[in-house]
Each structure stands twice: as structure tokens, then as C-alpha cells.
Amino acid sequence: MLRKIRLGILIVLGALLAVMGVARISGAALPGLPLPSLSDSLTEAAVRGDTAGAAAMINRRCRLLLGTERRECFEGALLDLTRQGYVRFAIGALDRLGQTDSQIRKFGHDYSHVIGINAWAPGKEIGATYLQCTELFQSGCYHGVIQAVLAYSGTDSARVAALCSETPGISESAWLRFQCVHGIGHGLLQTYTMNLPRALHGCDMLSNAWDSESCYGGAFMEFIVGGRGQSHHVAHVVAGPDSAGAGDEMDHSKMEHGEGSTFPPFKVRDPSDFLYPCSVLADRYQRACYSMQAGLIVERTGLDFAKVAQVCEGAPPPMRPVCYQGIGTYVSGVTARDPAEAIRLCSEGSMRYRSWCFVGVVKNFVDVTAKAEDGIDFCVRLGPVDIATSCYVAVGEQTGVLYRAMDRRAALCAKVEAAYVPACRYGAGLTPERPAALPTG
């Protein structure tokens, strides 16, 4: 009997080893073993422009891994492409992977940040590198490039203020400039090791209120993901006026404010306060903070958006619509921009503020793809006049970010339902007449 048991164990082990051997030969990584090289094969796929082939190779290598090993496997392959200069191709391969893997989709913004961080290094032209990124995965690549620039170049206020307004390739487009100043917010919080008030003060040094407000959003986003341990920072810098020696960690205490910081430590979370950090920040940061607060609330409520909405209703009255708009932004991301599911989740909130949730959804639709038509496609699904009006006004507002030329804004608004053309034109700044059905708040 014992001999039969031993024989059975040997047969099982032999079969397992055979399966592992076949998997290894086919290019699959196995837990605890070094990753098989993909460099030459990925390069060949990049030269051909074959993102589907590259995604298949990467997936074949990483499919048997779990947890951190799996994520590092995917990340390593994408960075191999990035460091060879195939930045746009790496984003395309990531998109292909995300189409069949829900975990890749879930963390796609994180992966794209890493691609951007590693796309630029001293000596490379900032604008040219920036333009290799795309809008996929909520424009994380753009933000990562700016993080890298700040990590290596420091945060001298004049240099930071000029980065987005004077860099060729960035300054010509309001949408690209938005992604840039948003990235500055990420980079400042990275530089100041999660000290949110200090990073926001850095945003205040930018050249105008629009840039500062856009920068706040990046700082708050970094505060959320960094507090979860999901953020990716630039680990090493070269020698420079605002950095330590080459290859050393940045000396944050000497940046912008001289020796030592005038800003006291700032805690990352307050378990007793659902509205922290908004509840402790200055008035000028309230709108930007509450527009991102849903991302922190869900850490306590989970994806129960009725509960998230209840928390928003406890915010100061002027900030409740803003908080609801932030719910919509989060809903857009968590549903991977699924219109039907986004409508269902936004409908769980109070009737009084619900329209603002839809505004957050549609603005994020347009922010992610840089296509106002995606916003129109969402708005046509909304029935109530007040909600639909809010949606089309938001689409109009987004055209103002996408297009400087008024004729382009007008052409876009001409595509919406006839009854809502005035709402779109109002949002686009083409008419001063406020639609009667537009909710106040």
C-alpha cells in the first residue's frame, strides 16, 4: 500500500514537473524563478507595430504568477519597451492587455504612470517625450513624465511655473497643458513626501488660477493613491541645485523653502473623519479637495455609492454638489466608463444633487479620451431634463478645454440633440444665456 502511495506521488510530481517544463519552454514565468527574457521578441514586435503580438507575449510570460510577482512581471515588460524608446507602443500594449484582463484595467492608470516616469530622463527633450504619451488610462503617462522632470530638476518656482506654459508641444493645447499642471501636483506631493499643504502651496506658485486649480487636483489624486501604497515615485535623481548627489534620494528638506520646512507634518488619513483632509484645509483648496473626496470615502464605505452619497451630504452645503461631482468621477473610473453602470450608480444618490454626479461622469469620459463626442454619447442616455441639461453644459465646458477656437466649439455643440444645443453652447462659452433647466449649486 505504501509503495502505491509513493508511486502515485511520484506520478503526480512527474506530471507537475512536465507541465511546468512545458510552460517554461513556452515562455511562462514560474513563481520563485527568474523571469524569462522577452527583450528581443518585444523589440521585434515594436518595430512591426504589433501591439497585439506584444500583449500576447507579455501575457504568456506572466499568466502563471500571482500578486506582486504578477504585477512586477507585467510592469517589467512594459518598462523594457519604454526604456528602448517605444513609449507609445508600450501604452498600446497595455491597452491590449487591459482589454482581456480586468486586473490590468483596474491598475492601468498606475501602469501608465510608471511608463511616463521612465519615459523621460535628463538629456531628453521634455515636450517630445511628453507627446509620446496618449490619453489612455486617464492620461497617467503624461502625469508620470512631469513627475520625473520634477524629481530630477527640482521645484524651483520659476522653473515649475514655466514647465507647462513654455515647453513646446505642451503649451499649444489647453488639454495637454491641463495634464501637465495636473502632473505637477502629483510631482510636488511626491517631492514633499505626502505633505499635502506644502504641495498645495507649491501649486499656488503657478502662473494663474486655472493652472493652480488643475495642480491641486493632481496633488489630491497623489494623496489618495499614495496613502494606499499604490503610488510610483521616481527613486533616484541626478546632481542639481535642488537634488542630492547622483543616484541618491532627494533631500526634500532643502527644496523651495530652504533649510527645513515651515510646514508641520501632515497625516495621510484620519480614521475619525470621513471628510479629511478637506475638513482641515484652507478655503481656497475646498473645491479641488471635495471634487476628489469620493476616492477617500470609498476606503471606508466600500463601493456602496448610496453610503458615499450620504457622506457627501454631510459636507458644507456649498461643497455638496462638488462632492457629488467627485462621486461621478470615481464612478466613471470604477466602471471602466460603462454608461449603463455609471447611470445606475449615480442614481443611488439624493435627487437634489444627483445631476452633479452625472456631470462628474461625463467630464471624466471626455477627460480620459480627449473626445467630446464620448460625452455626447453619454448625455443622450439621460432622461430627466435637468440632468440632461447639466450633462450637455458639462460637455460644452470640456470643449473649452479641448479647443481654443470658438468655431470648433460651435461645431461640436451642433452635433448634440437640438433641444440641448443652447446648453452645450452655454458651457462652451458661446452664449451668456443660462439654460432655465440647469440646476443651481
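Here are some notes:
- The distance linking the range 61-90 with the range 309-367 is 33 Å (Cα centroid to Cα centroid, whole angstrom).
- Shape category assigned to the range 121-247 from the gyration tensor of Cα positions, a/c cut at 1.5: rounded
- Net charge of neighbours whose Cβ lies under 15 Å from the Cβ of ILE115, counting Lys and Arg as +1 and Asp and Glu as -1: -1
- Relative contact order (%) - criterion: Cα under 8 Å, at least six apart; region: the range 103-143: 53 percent
- Spatially, the range 387-441 and the range 104-123 are offset by 33 Å when compared through their Cα centroids.
- Taking a Cβ cut-off of under 10 Å around ALA388, the surrounding Lys, Arg, Asp and Glu residues balance to a net charge of -1, with basic ones at +1 and acidic ones at -1.
- Low-density loop positions, GluC sites (Glu not before Pro), the range 343-441 - DSSP coil, at most 13 other Cβ in 10 Å: GLU417, GLU433
- Prolate/oblate/rounded call for the range 39-106, Cα gyration tensor, a/c under 1.5 rounded: prolate
- Sequence-ordered 3J(HN,Hα) estimates for the range 188-200 from the Karplus curve with 6.51, -1.76 and 1.60 and θ = phi - 60° stand at 5, 5, 4, 4, 9, 6, 6, 7, 4, x, 5, 5, 5 Hz, glycine and proline given as x.
A short reminder: the numbers here are calculations on the coordinates, not readings from a lab. The structure presented is a predicted model; accordingly, all values stated were derived computationally and were not measured. Cβ sites come from the backbone with ideal geometry, for glycine too, and all protein chains shown count toward neighbours.
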